[in-house]
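Here is the structure we will look at, set down as structure tokens.
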Amino acid sequence: MIPVNEPRIGEQELAYVTECLRTGWISSAGRFIEEFEARWAAYCGMPYGIAVSNGTVALEAAVACLDLKPGDEVILPTFTIISCAQAVVYGGGVPVLVDAAPRTWCMDVSQVAAKITSRTRAIMPVHIYGHPVDMVPLWALAEQHGLTIIEDAAEAHGATYRGQRCGGLGDLSCFSFYANKIITTGEGGMILTKDAKLAERARSLRNLCFRPERRFYHTELGHNFRLTNLQAAVGLAQLERIDDLLAHKRWMGGRYAELLAGTPGLTLPVEEPWATNVYWMYGLVLDEATGMDAVVFARRLKALGVETRPFFLGMHEQPALWEEGYFRGEVYPVAERIARQGLYLPSGLTLTNEQAVQVAAAVKACLA
Ligand SMILES: Cc1ncc(COP(=O)(O)O)c(C=O)c1O
């Protein structure tokens with residue numbers, strides 16, 4: 001079976017983790033935390049980095065930094081992971097959805113203006129499967145209405161938008177370093193910001209809101225969202241060779257495109273002229289005319305030794321969010337269609353040319 005994903009862990013990761021173990025810096029203080037934060041922030045062009053335990057809590061802490069009042073709204077794509085919507089709900093706000101754009105599968109930015117009300121506080125663009133969101137229209141709306149942009153760049157390490165790195169495009173940005181991400185810490189995440197006050201607040205929320213002037217004295221409730229030095233050690237080693245990791249993803253995107261070009265019944269990922277796509281995952285959307293949905297297609301591919309994963313199911317189709325009083329009866333046709341017809345192919349950092357050829361052959365065989 002060709003796995004859908006595999007991380008690439010090397011000698012440097014081992015050396016850095018060994019250093020943590022040998023020196024006893026195994027918890028959430030130590031040189032790797034600070035270096036990983038500083039270097040990831042610099043890589044993305046942001047001044048402050050706050051490492052946290054995963055991408056989900058990065059979003060929670062970023063939303064918490066906004067101090068939403070009941071009824072305050074945050075606009076986000078329906079086509080994303082539930083971490084985005086639940087961060088808004090846990091943060092005391094109201095999530096408001098827009099559909100996916102048919103080409104990039106990212107939020108359809110042309111739908112955002114119509115969703116802005118007097119209660120809107122923020123927009124949360126999510127760079128889907130490695131392709132950046134079209135930010136210019138969002139920057140204009142944020143400026144016009146005084147909104148905060150919280151970028152979810154979990155899937156877009158190293159991707160660029162008009163020459164700027166994703167994760168450096170908003171007021172706050174959030175990353176995941178889960179094992180399937182381009183750089184990984186096993187579990188892990190980070191918040192970046194250009195605002196010193198927001199950085200201080202995110203740091204405080206991450207660590208139980210200890211008051212600086214007196215430890216064990218608290219004026220607000222925080223969380224334990226800390227990353228360990230051990231995890232940061234892995235992250236730093238990964239970051240040191242991110243160019244190689246990105247080159248592999250870009251190679252994979254190009255290779256699949258070449259191998260699958262012109263196959264009837266398939267829509268392949270795009271790369272808009274203003275973007276570099278890092279092909280975090282190589283997605284496919286199947287035409288309904290093939291008579292197959294993604295479930296049947298995945299089953300057939302599995303029988304041919306190819307592991308896949310389905311696309312996201314929209315936030316408006318989640319019973320957990322209906323229970324909270326959101327989105328019941330809302331319709332987003334693009335997200336609904338790609339959720340049913342979309343899956344992604346093996347996209348790991350260890351994928352070989354032979355495997356890519358085998359995957360493409362299996363895709364074509366299933367469609368024949
Ligand atoms: C777009 C996006 N945001 C947030 C997350 C959450 O990250 P984590 O799994 O580290 O909690 C993910 C995770 O896969 C993601 O794809």
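Regarding residue 172, is this residue in contact with a Leu (Cβ under 8 Å, 6 or more places away or on another chain) and surrounded by fewer than 24 Cβ atoms within 10 Å (Cβ to Cβ)?
Details: in contact with a Leu (Cβ under 8 Å, 6 or more places away or on another chain): yes; surrounded by fewer than 24 Cβ atoms within 10 Å (Cβ to Cβ): no.
Considered against the rule, which asks whether it is in contact with a Leu (Cβ under 8 Å, 6 or more places away or on another chain) and surrounded by fewer than 24 Cβ atoms within 10 Å (Cβ to Cβ), residue 172 comes out as no.
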Unique match (being in contact (Cβ under 8 Å) with a residue 12 or more places away in the chain and assigned to a strand (DSSP E or B)) among 222, 283, 235: 283
Cβ-Cβ under 9 Å pairs, at least 6 apart or on other chains, the stretch 1-18 side under 16 Å from residue 178 (Cα atoms), far side crowded, with 16+ Cβ neighbours inside 10 Å and of a type in the set (Lys, Arg): 4/309; 5/309; 7/181
Residue check for residue 201: over 14 Å from residue 56 (Cα atoms), in contact with a Cys (Cβ under 6 Å, 6 or more places away or on another chain), more than 16 Å from the ligand (Cβ to nearest atom) and not aromatic (Phe, Trp, Tyr): yes
Pairs where the first residue, in the stretch 294-305, is at positive phi and the second is open to solvent by 30 Å² or more (accessible area, probe 1.4 Å), C-beta under 6 Å, 6+ apart: 305/1
Among (1) part of a loop (DSSP other than H, G, I, E, B); (2) within 14 Å of the ligand (Cβ to nearest atom) - the single one residue 85 does not satisfy: (1)
The lone exception for residue 208 - which of (1) open to solvent by 10 Å² or more (accessible area, probe 1.4 Å); (2) away from the ligand (no atom under 16 Å from the Cβ); (3) under 30 Å from residue 108 (Cβ atoms); (4) not basic (Lys, Arg) it fails: (3)
In the stretch 66-88, the residues that are surrounded by 24 or more Cβ atoms within 10 Å (Cβ to Cβ) and touching a strand residue (DSSP E or B) at 6+ places or on another chain (Cβ under 8 Å): 74, 75, 76, 77, 78, 79, 80, 84, 85, 88
Boolean, residue 196 is more than 20 Å from the chain's Cα centre (by Cα), at pLDDT 95 or above and within 29 Å of residue 8 (Cβ to Cβ): no
Among the candidates 336, 330, 258, residue that is outside any strand (DSSP E or B) and within 22 Å of residue 134 (Cα to Cα): 336
Number of positions in the stretch 35-71 that are away from the ligand (no atom under 15 Å from the Cβ), touching a residue at least 60 places away in the same chain (Cβ under 8 Å) and not aromatic (Phe, Trp, Tyr): 12
From 49, 10, residue being farther than 14 Å from residue 188 by Cβ and among the small types (Gly, Ala, Ser): 10
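Does residue 278 satisfy the condition of being more than 18 Å from residue 154 (Cβ to Cβ) and of a type in the set (Val, Ile, Thr)? Let's see the steps before the verdict.
Details: more than 18 Å from residue 154 (Cβ to Cβ): no; of a type in the set (Val, Ile, Thr): yes.
It is false that residue 278 is more than 18 Å from residue 154 (Cβ to Cβ) and of a type in the set (Val, Ile, Thr).
Would you tally the residues in the stretch 151-195 being of a type in the set (A, V, I, L, M), away from the ligand (no atom under 11 Å from the Cβ) and touching a Cys at 6+ places or on another chain (Cβ under 7 Å)? Spell out how you get there, then give the answer.
From the stretch 151-195, those of a type in the set (A, V, I, L, M) are 153-154, 156, 159, 169, 172, 179, 182-183, 190-192; that's our starting set.
Okay, now just the ones that are also away from the ligand (no atom under 11 Å from the Cβ), so 159, 169, 172, 182-183, 191-192.
Retained after the next criterion (residues that are touching a Cys at 6+ places or on another chain (Cβ under 7 Å)): 159, 172, 191-192.
Looking only at that region, the number is 4.
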Selection status of residue 158, among the small types (Gly, Ala, Ser) and closer than 26 Å to residue 271 by Cα: yes
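The values are calculated or read from the model by the stated rules, or taken from the named source; none is laboratory data. As the structure is a prediction and not an experimental result, all values here were calculated from the model. Note that each Cβ is placed from the backbone with ideal geometry, even for glycine, and that neighbours are counted across all protein chains shown. Accessible surface is based on the protein model in full, side chains and every heavy atom, while ligands, DNA and RNA are left aside. Shrake-Rupley method; radii C 1.70, N 1.55, O 1.52, S 1.80 Å.
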